[in-house]
1. When you look at ALA53, is it closer than 30 Å to PHE7 by Cβ and open to solvent by less than 50 Å² (accessible area, probe 1.4 Å), yes or no?
2. Please identify the pairs in which a residue from region 18-44 that is part of a loop (DSSP other than H, G, I, E, B) has its Cβ atom under 9 Å from the Cβ atom of a residue that is aliphatic (A, V, I, L, M), counting only partners at least 6 apart or on another chain.
Amino acid sequence: MRHAFGFLLGLLLTPGLAYGAAWGFVQAGQSFDTATQEITDNTRMYGAFALLAAVGLVAGVMIVARWAS
């Protein structure tokens, strides 16, 4: 049963984590102006990095968790 649960988690979380990481990367890129080399929207940048950190945390927990093998 443990392996079936892990398989379902893998199927559901993989696209969600990929989407979250891609969306955070795009938002971080849009908050930076390449012409002047400065951050134009601090709120968007902080939100993007918070999302990227959350995706990394969830991925790390799923990698380390023994119950989701």
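The values are calculated or read from the model by the stated rules, or taken from the named source; none is laboratory data. Since we're looking at a predicted model, the values are computed, not measured. Using ideal geometry, Cβ is built from the backbone for each residue, glycine included, and neighbour counts are taken over all protein chains shown. These area figures cover heavy atoms from the full protein model, side chains too; ligands, DNA and RNA do not enter into them. Shrake-Rupley method; radii C 1.70, N 1.55, O 1.52, S 1.80 Å.
1. no
2. Pairs that qualify, where the first residue is part of a loop (DSSP other than H, G, I, E, B) and the partner is aliphatic (A, V, I, L, M), are SER31/ILE39; SER31/MET45; SER31/ALA48.
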